[in-house]
Amino acid sequence: MHLGKSQLAGRDPRELLPLTPIVLQVLLALADGDRHGYGIIQEVIRRTDGLITLRTGTLYTVLKRLLELDLIEESDARPSPDEDDERRRYYRATAFGRAVMRAEAQRLESVIALARDKRVLKARKA
C-alpha cells in the first residue's frame with residue numbers, strides 16, 4: 001500500500017521508531033546520495049566493517065517496505081551510460097525519510113546519554 005500525499009501530511013516521524021538496525025543502515029546509505037541496490041549493500045558492509053551484511057532478498061524486502069512508507073523513492077537520476085547498467089534501480093531518501101532518520105538518531109543519542117549517566121559508557125572527553 002503506497003500512501004498518498006494527503007495521508008503523509010502531518011505525520012510524526014517518531015511514529016515509526018524504533019527502526020530496526022537494517023532499516024536504519026539502509027536509510028543511512030541513502031543519506032548522502034542516490035544508490036542502487038548493490039551500492040546500498042556495499043555501503044552498509046563498508047560502514048559497519050561487515051557487522052551487517054545484507055542479502056539481496058532482505059534488501060529488496062526492506063526497500064519495498066520503505067517505498068510503501070514513503071521513506072524512500074525511486075530516483076530518475078543516473079550516472080553516465082558507461083558507468084551504469086540500465087537494469088539498475090536507484091533510490092533516494094525522501095524528506096520524510098530524512099526526518100525519520102533524524103528522529104532515530106536523536107532517540108539513539110538519548111540512549112547513549114543515559115548509558116553515560118548510568119556509567120555503562122565512559123563520559124566523553126571534552
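The values are calculated or read from the model by the stated rules, or taken from the named source; none is laboratory data. These figures come from a predicted structure and were not determined experimentally. Please note: Cβ atoms are built from the backbone with ideal geometry, for glycine as well, and neighbour counts cover all protein chains shown. The accessibility values were calculated without ligands, DNA or RNA, using every heavy atom of the protein model including side chains. Shrake-Rupley method; radii C 1.70, N 1.55, O 1.52, S 1.80 Å.
With I22, I45, I40 as the choices, which residue is of a type outside the set (F, W, Y), in a helix (DSSP H, G or I) and open to solvent by less than 20 Å² (accessible area, probe 1.4 Å)? Give the steps one after another, and end with the answer.
Numbers: I22 fails: open to solvent by less than 20 Å² (accessible area, probe 1.4 Å); I45 fails: open to solvent by less than 20 Å² (accessible area, probe 1.4 Å).
None of the others qualify; the one that does is I40.
If only one of L51, L59 is among the hydrophobic types (A, V, I, L, M, F, W, C), open to solvent by 50 Å² or more (accessible area, probe 1.4 Å) and modelled with pLDDT of 95 or more, which one is it? Outline the logic, then answer.
Details: L59 fails: open to solvent by 50 Å² or more (accessible area, probe 1.4 Å).
Every option except L51 fails the conditions.
Residue check: is E104 in contact with a Pro (Cβ under 9 Å, 6 or more places away or on another chain) and among the acidic types (D, E)? First the steps, then the outcome.
Numbers: in contact with a Pro (Cβ under 9 Å, 6 or more places away or on another chain): yes; among the acidic types (D, E): yes.
When the stated conditions are applied, E104 passes them.
Would you confirm whether or not the stretch 97-107 contains a residue that is open to solvent by 100 Å² or more (accessible area, probe 1.4 Å), part of a loop (DSSP other than H, G, I, E, B) and modelled with pLDDT of 95 or more? Before you say what the answer is, go through the steps one by one.
Within the stretch 97-107, the first condition is being open to solvent by 100 Å² or more (accessible area, probe 1.4 Å), and the residues that meet it are 102, 106.
Among the residues that remain, those that are also part of a loop (DSSP other than H, G, I, E, B) are: none.
Looking through the stretch 97-107, none of the residues is open to solvent by 100 Å² or more (accessible area, probe 1.4 Å), part of a loop (DSSP other than H, G, I, E, B) and modelled with pLDDT of 95 or more.
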